[in-house]
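To start, the structure itself, in structure tokens.
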Amino acid sequence: MRRAPLPEGTLDAMDRALLNGLQEGLPVTRRPFARIAADLGMTECDVIDRVARLREIGAITRFGPFYDAEAMGGAFCLCAMEVPAGQFEAVVTLVNAVPEVAHNYERAHRLNMWFVLACETPDGIAAAAERIERETVLTVLCFPKEKEFFIGFRVMA
Amino acid sequence: MSIDATDRRIIAATAGGLPLAPEPFTAVAEWLGLDEGEVRRRLVAMQASGVIRRIAVAPNHYALGMTANGMSVWDVDDATVDDLGPRVGALDFVSHCYRRPRARPGWPYNLFAMLHGASREEVEAKRRVVSDLLGPACRSHDILYSTRILKKTGLRLTGGA
């Protein structure tokens, strides 16, 4: 994924209008782009071409349904560890080798390793955390989501 | 919020996104040998039940200039955290906002909010906005900046497709 800002002038006003509008959602109609095109005073073909280009240049990462993985029966948990500096790389190797580890970030904090466990069942979370504790001989702190207040992100383009 | 085997096939077929075609749902239906109307009905039902959060574009916030982010964490009074959490989540620079358990000693924080901005300074300014919003209900807070992505895989589809 592109992690640098696009050069100035890459997006024109129509691109920005599309980016802003399509973050709100796509109508689930037979020809959804025709509806969006009508709203923005564009042609259906132009909308599709522009979205394809926006994806190509990395202005958008994905276009489609966003599934709530938990609603589909998965279990997830944010976890953190305090890893001594001298062991960090060895622990990265051990933790990343665990298939349930979906994301793993180094963060500037006493708790310097933060990862997300993704499993088929809640029992799997505890088992994966225990496995990581056993293999690293470090404590894994689990921060399960107790309540979701907001998830989603709008960026005004 | 139950989904059946056909829903799971639609989920698997669209996990990578929708085709950019005049009739994207017709294309999905053709891949799966389903009727176009049925695909749309099922997507609408999954949206209504919360299995689908939305059908939309995911902006690359880095490409659009939001290159800095930090995981802000807050120790908020248990009596008010559930009232304040949605207000923090509603701020336009917050992408995720959750209540999580504390891990004492050492980790008194129960509210997590991912903050985004064009620079580290902007993220710090937004942290002050959150701090002002929480007011005296917040006893202490911190922010954790990522220094390296160690692993990033797509979340796997789970549960007997």
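Summary value for the range B:30-108: 14 percent relative contact order, contacts being C-alpha pairs under 8 angstrom separated by 6+ residues. Under a Gaussian network description of chain A, with springs only between Cα atoms under 10 Å, the residue in A:134, A:53, A:30 that fluctuates furthest is A:30. Using only the Cα atoms of the range A:13-56, build the gyration tensor, take square roots of its eigenvalues as a ≥ b ≥ c, and label the shape rounded, prolate or oblate: rounded if a/c is under 1.5, else prolate if a/b is larger than b/c, else oblate. The shape class here is rounded. In this label model, residue B:82 and residue A:135 are separated by 3.8 nm, measuring between points 7 Å along each Cα→Cβ vector.
Peptides B:76-82, B:8-14, B:24-30 ranked from most to least packed give B:24-30, B:8-14, B:76-82, packing being the mean of other C-beta atoms within 10 angstrom over each peptide's residues. Shielding of peptide B:15-21 by partners, expressed as the average count of other chain Cβ atoms within 10 Å per residue Cβ, is 5. Listing B:71, A:1 from fewest to most neighbouring C-beta atoms within 10 Å gives A:1, B:71. Based on C-alpha pairs under 8 angstrom that are at least 6 apart in sequence, chain A has a relative contact order of 24 percent. For peptide A:1-8, the mean count of partner chain Cβ atoms within 10 Å of a residue's Cβ comes to 4. For the peptide B:141-150, the mean number of other protein chain Cβ atoms found within 10 angstrom of a residue's Cβ is 6. Centre-to-centre, using Cα atoms only, the range B:1-72 and the range A:90-141 are separated by 29 Å. Among residues other than residue B:94 with Cβ under 12 Å from its Cβ, the summed charge is +3 (Lys and Arg +1, Asp and Glu -1). So which residue, out of A:75, A:13, A:59, gets the largest mean-square fluctuation from a GNM of chain A using Cα contacts under 10 Å as springs? Looking only at A:75, A:13, A:59, the biggest GNM fluctuation is shown by A:13. The mean sequence separation of alpha-carbon pairs under 8 Å and at least six residues apart, normalised by the residue count of the range B:68-144, gives a relative contact order of 47 percent.
In this rough spin-label picture, where each label sits 7 Å from Cα along the Cβ direction, the residue B:92-residue A:85 distance is 4.2 nm.
Read the figures in this text as sums done on the coordinates, not as results from a lab. Predicted, not measured: the structure shown is a model, and the values here were computed from it. Because the Cβ atoms are built from the backbone with ideal geometry, glycine has one as well, and the counts that use them run over all protein chains shown.
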